[in-house]
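S.K.: Okay, here's the structure, questions in a sec.
The values are calculated or read from the model by the stated rules, or taken from the named source; none is laboratory data. Quantities reported herein were computed from a predicted structural model and do not represent experimental measurements. So basically every Cβ, Gly included, is an ideal-geometry build from the backbone, and we count neighbours across all protein chains shown. Side chains are part of the model used for accessible areas, which takes the heavy atoms of the whole protein and leaves out ligands, DNA and RNA. Shrake-Rupley method; radii C 1.70, N 1.55, O 1.52, S 1.80 Å.
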Amino acid sequence: MSEPIKRHEALQPLSREHHQGLLLAMKVGKGLKKGVALNRIKKYVDWFFSHYLESHFEAEEKYAFPILGDNHAGIQQALEEHRKIEAFVKSPMHGIQEEKLIEFKQLLEGHIRLEERQLFNEIQEKASEEELVEMNKHLQEADFCLNWPDEFWK
């Protein structure tokens, strides 16, 4: 087993939020395995996006990604994935298909892995101390109060 990545303090809030994103993907998977009505799962995904993921994406795009620049292939991929996740969430609830939820789950997991295993490491290496201090001023971990009444994953 590999050593855990030592994340710079400035990026820790985003990394902890990634953990919550992975839990979201896990809950989607559990709901699908249990045969939960797809609209129940989609409702939770939509709520999670509007309460947590949307602001998380904005923070990454405003404070973390500019350190590597718009021309960086990994940043371009991450931005494209942000748009795909957002498009899924904004898609209508009616007619939601299991395949789309599976795609969403896989996209979210892969996206978080890209950021954690590649982009955040590169950001840590490239960022100046001033950039990290500035990022640290702006990034604060979301207060995850996951008091969702329909715990379909249990």
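S.K.: Ile112: in contact with a helix residue (DSSP H, G or I) (Cβ under 9 Å, 6 or more places away or on another chain) and open to solvent by less than 20 Å² (accessible area, probe 1.4 Å), yes or no?
M.R.: Numbers: in contact with a helix residue (DSSP H, G or I) (Cβ under 9 Å, 6 or more places away or on another chain): yes; open to solvent by less than 20 Å² (accessible area, probe 1.4 Å): yes.
The answer is yes for Ile112.
S.K.: Report every pair of residues separated by at least 6 positions or lying on different chains whose Cβ atoms are under 7 Å apart, first residue within region 110-122 and within 17 Å of Pro13 (Cα to Cα), second in a helix (DSSP H, G or I) and open to solvent by 40 Å² or more (accessible area, probe 1.4 Å).
M.R.: Filtered contacts from region 110-122: Ile112/Leu22; Leu114/Gln77.
S.K.: Testing Glu98 on (1) without any contact (Cβ under 8 Å) to a residue 24 or more places away in the chain; (2) more than 30 Å from Leu132 (Cα to Cα), one condition comes back false. Which one is that?
M.R.: Single failed check for Glu98: (1).
S.K.: Checking the conditions here, which among Phe49, Phe104, Phe120, Phe144 is within 23 Å of Lys6 (Cα to Cα), in contact with a helix residue (DSSP H, G or I) (Cβ under 9 Å, 6 or more places away or on another chain) and at pLDDT 95 or above? Reasoning before the result, please.
M.R.: Numbers: Phe49 fails: within 23 Å of Lys6 (Cα to Cα); Phe104 fails: within 23 Å of Lys6 (Cα to Cα); Phe144 fails: at pLDDT 95 or above.
One residue alone meets the criteria, Phe120.
S.K.: So, Gln140, is that one within 20 Å of Gln20 (Cβ to Cβ), of a type in the set (S, T, N, Q), open to solvent by 80 Å² or more (accessible area, probe 1.4 Å) and in contact (Cβ under 8 Å) with a residue 40 or more places away in the chain or not? First the steps, then the outcome.
M.R.: Details: within 20 Å of Gln20 (Cβ to Cβ): yes; of a type in the set (S, T, N, Q): yes; open to solvent by 80 Å² or more (accessible area, probe 1.4 Å): yes; in contact (Cβ under 8 Å) with a residue 40 or more places away in the chain: yes.
It is true that Gln140 is within 20 Å of Gln20 (Cβ to Cβ), of a type in the set (S, T, N, Q), open to solvent by 80 Å² or more (accessible area, probe 1.4 Å) and in contact (Cβ under 8 Å) with a residue 40 or more places away in the chain.
S.K.: Go through region 1-51 and report how many residues are in a helix (DSSP H, G or I), among the hydroxyl-bearing types (Ser, Thr, Tyr) and exposed (fewer than 14 other Cβ atoms within 10 Å of the Cβ). Let's see the steps before the verdict.
M.R.: From region 1-51, those in a helix (DSSP H, G or I) are 9-33, 38-51; that's our starting set.
If we keep only those that are among the hydroxyl-bearing types (Ser, Thr, Tyr) too, we end up with 15, 44, 50.
Narrowing the set further to residues that are exposed (fewer than 14 other Cβ atoms within 10 Å of the Cβ) leaves 50.
Number satisfying all stated conditions: 1.
S.K.: So in region 69-83, with the set limited to residues that are in contact with a helix residue (DSSP H, G or I) (Cβ under 6 Å, 6 or more places away or on another chain) and without any contact (Cβ under 8 Å) to a residue 40 or more places away in the chain, which one is nearest to Glu131 (Cα to Cα)?
M.R.: Among those that are in contact with a helix residue (DSSP H, G or I) (Cβ under 6 Å, 6 or more places away or on another chain) and without any contact (Cβ under 8 Å) to a residue 40 or more places away in the chain, it is His82.
S.K.: To continue, here is another question. For the list (1) under 16 Å from Leu14 (Cβ atoms); (2) under 15 Å from the mean Cα position of the chain (by Cα); (3) open to solvent by 40 Å² or more (accessible area, probe 1.4 Å), I need the number of the one condition that Pro66 fails.
M.R.: The one condition Pro66 does not meet is (2).
S.K.: Name, by its number, the condition in (1) in contact with a Leu (Cβ under 7 Å, 6 or more places away or on another chain); (2) over 22 Å from Gln140 (Cβ atoms); (3) open to solvent by less than 60 Å² (accessible area, probe 1.4 Å) that does not hold for Gln77.
M.R.: Of (1) in contact with a Leu (Cβ under 7 Å, 6 or more places away or on another chain); (2) over 22 Å from Gln140 (Cβ atoms); (3) open to solvent by less than 60 Å² (accessible area, probe 1.4 Å), only one is false for Gln77: (3).
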